[in-house]
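The values are calculated or read from the model by the stated rules, or taken from the named source; none is laboratory data. In this text the structure is predicted, and so the values were computed from the model without any measurement. Reconstructed Cβ throughout: ideal geometry from the backbone, glycine too, with neighbour counts over all protein chains shown.
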Amino acid sequence: MAGARRQRGTTLIEAMVAMLLLMVGLLGVLGMKVVGLKYAGQANGRAAAALSAAEIIDRLRANPVLAAAGSYNIALTATPVAVGIATTDITQWRQNIAANLPSGKGSVTVATVGTVVTATVVLQWTERSAENGADRTLSFTSTARL
């Protein structure tokens, strides 16, 4: 009977310690979830950039004569001025970039060396850093032989 009196309240203390450990574990899981969401957002940006680069390269391959002539060449900050299919392709491509990448811009450079035609596509966009929350400019470059 004396041993039973000494055990009074220990179940309550054990329950409180168990709840404390559970809360610490849940806070750790929540922290990992937040970091995971940040990195998933960055991965989505990179995937959108890769798809946008593939899109314009496909358009270049669909019009090899115009591409080789330099009709698709455009700098990051330039605005298309000519009229024609190349300008339409560039304009639509840039609209897709603006819709899928924050502050997104794109450039295309087509170079011909002998009979080899090579396209270099550069995309830039801004996103928040997962480490400190500051904005940073990211760049994606894709080079393809047409």
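Here is how the numbers come out for the structure above:
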read-out: Sole residue being out of contact with any Lys or Arg (no Cβ under 7 Å at 6 or more places or on another chain), surrounded by 12 or more Cβ atoms within 10 Å (Cβ to Cβ), on the phi < 0 side of the Ramachandran plot and modelled with pLDDT of 90 or more, chosen from Ala18, Ala54; value: Ala54
read-out: Among (1) more than 30 Å from Met32 (Cα to Cα); (2) buried (at least 18 other Cβ atoms within 10 Å of the Cβ) - the single one Thr141 does not satisfy; value: (2)
read-out: All positions within the range 77-98 that are closer than 19 Å to Thr141 by Cα, aliphatic (A, V, I, L, M) and at pLDDT 90 or above; value: Ile90, Ile97, Ala98
read-out: Complete set of residues in the range 81-135 that are in a loop (DSSP other than H, G, I, E, B) and either closer than 25 Å to Gly36 by Cβ or in contact with a Phe, Trp or Tyr (Cβ under 9 Å, 6 or more places away or on another chain) (or both); value: Leu101, Pro102, Ser103, Gly104, Ser129, Ala130, Glu131, Asn132, Gly133, Ala134
read-out: Any hit, the range 22-42, residues being exposed (fewer than 13 other Cβ atoms within 10 Å of the Cβ) and among the hydroxyl-bearing types (Ser, Thr, Tyr); value: yes
read-out: Some residue of the range 64-80 being in contact with a Ser or Thr (Cβ under 8 Å, 6 or more places away or on another chain) and assigned to a helix (DSSP H, G or I); value: yes
read-out: Qualifying residue in the range 118-130 (condition: small (Gly, Ala, Ser) and more than 18 Å from Glu55 (Cβ to Cβ)); value: yes
read-out: In the range 53-71, residue nearest to Asn96 (Cα to Cα) [restricted to those that are within 28 Å of the chain's Cα centre (by Cα) and β-branched (Val, Ile, Thr)]; value: Ile56
read-out: Yes/no for Ala54 being out of contact with any helix residue (DSSP H, G or I) (no Cβ under 6 Å at 6 or more places or on another chain), in a strand (DSSP E or B) and closer than 20 Å to Ser139 by Cβ; value: no
